[in-house]
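Since the structure comes first, as structure tokens, the remarks are kept for the end.
The numbers here are math on the coordinates, done by the rules we state, and not lab data. All of these numbers come straight from a predicted model, not from anything done at the bench. As a convention, Cβ positions derive from the backbone with ideal geometry for all residues, glycine included, and neighbour counts pool all protein chains shown.
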Amino acid sequence: MLFVVRSALMKNNFPGIAFCVFLGSIAWIVAEIEESIIDRAVIDALVIALVLGILAKNLLPLPATFGSGGKFASKQVLEASVLLLGASVALQDITSSGTSLLILILVAVFGGLTVAWFIGHKLLGLSSRLAVLVGVGNSICGNSAVAAVAPVIKATPNEVAAAIGISAILGVGQILILPFFAPIFDLDHVQYGILAGISVYAVPQVVAASFAVSPLSGQTGTLVKLVRVLLLGPMIIVLGLLHRDTDNSSSLTEKIKTYVPWFVAGFLILTVLRTTDVISEDLGLQARSISKLLFVVAMAGLGLGVDVREVGAVGPRVAVTILGTMCFMIVLALVGIQVLDLGLTS
């Protein structure tokens with residue numbers, strides 16, 4: 001009986017899942033073309049997939065059967081992506097970049113999330129979920145952080161679309177402006193790399209902004225950004241606990257699932273296995289690549305659930321929240337570089 005039910009579910013979901021895979025494949029190919037032309041994908045495949053899904057949803061007469069498959073991709077596939085991501089996280093890597101720099105990164109990550117939540121939720125009236133998505137995207141690792149945290153806090157497709165789309169647009173503007181900070185504030189190449197690594201939205205954008213100044217700035221910026229990425233796991237756990245649903249009548253099993261969703265538990269287990277080298281570095285990198293592919297498919301599914309009118313209604317407030325968070329990250333980086341004496345002479 002269970003097999004029959006699962007077969008029926010897959011039959012109903014298959015057309016929509018296949019369409020998400022199709023859109024995701026286009027997004028991946030476009031990103032690869034970007035890299036072949038300019039050595040990096042300035043517009044990430046996740047953003048492209050999300051945009052393609054939104055355009056398909058709002059411009060094309062899609063069959064009703066695509067809806068259930070899109071929801072499956074935006075939930076189950078997304079959760080599986082988060083789980084696999086754990087296989088690429090080695091906890092010892094977080095402490096390998098130096099104590100002073102690590103302290104600055106920690107303050108930036110948790111401070112950025114707090115600032116985004118306060119501006120977006122408390123001052124501008126955004127939902128707590130949307131404010132958190134803006135915060136994790138701009139304080140940790142861009143699109144991947146938004147995609148990974150969304151199922152943990154039960155964010156809606158419209159909230160994910162607003163957080164990713166507007167952040168990505170403003171992040172591109174940051175790439176163009178940030179290099180001017182090096183001469184203005186008399187930053188050496190390492191200091192500028194720290195600034196870019198802490199303040200820029202997504203990994204490809206950090207690469208673009210930091211390597212625009214020098215290879216040393218690029219290497220430093222990439223390292224700082226990757227340390228921010230490694231903090232995604234702890235942030236998922238913290239947010240999962242803060243956004244849990246409480247129900248005193250639930251069974252012990254249900255309470256455990258509420259506090260630690262299955263994919264978060266899997267993420268933790270894989271992280272421990274990677275940290276102890278049960279999962280090798282090469283295997284962890286392969287898992288991260290597969291996770292990215294699944295994220296792209298999931299983003300297409302999320303796009304299929306987005307109503308552009310609802311996103312447009314919150315757009316200006318989201319933009320103000322993002323700009324406020326960016327300014328905080330930039331100021332913190334500039335002050336932290338001086339206070340902690342970071343740079344070529346440190």
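Rank these for me by crowding, Val318, Val190, going from fewest to most other beta carbons within 10 Å.
Least to most surrounded, the residues fall as Val190, Val318.
Hey, rough spin-label estimate for Asp186 and Ser289, points 7 angstrom out along Cα→Cβ, what's it come to in nanometres?
4.7 nm
Pick out, in residue order, every one of the trypsin sites (Lys or Arg not before Pro) in the range 90-169 that is DSSP loop and has at most 13 other C-beta atoms within 10 Å; say none if there are none.
Lys154
Would you mind checking the pairs Lys75/Lys154; Lys75/Lys292; Lys75/Lys122; Lys57/Lys122 and listing those with alpha carbons more than 21 angstrom apart?
Lys75/Lys122; Lys57/Lys122
Multiply the residue gap between Ile169 and Ser280 by 0.36 nm, knock off their C-alpha separation, and tell me the result in nm, one decimal place.
36.3 nm
Looking only at the range 177-197, which residues have a backbone nitrogen under 18 Å from a spot 7 Å from the Cα of Leu216 in the C-beta direction?
179-197
Which distance in nm do the two modelled labels at Ile269 and Phe22 give, with both placed 7 Å along the Cα-to-Cβ direction?
Going by the 7 Å Cα→Cβ label model, 3.6 nm.
Could you work out how far apart the two model spin labels at Ser100 and Ser128 are, taking each label as a point 7 Å from the Cα in the direction of the beta carbon, and quote it in nm?
3.9 nm
Got the relative contact order for the range 13-339 handy, in percent, Cα pairs under 8 Å and 6 or more residues apart?
34 percent
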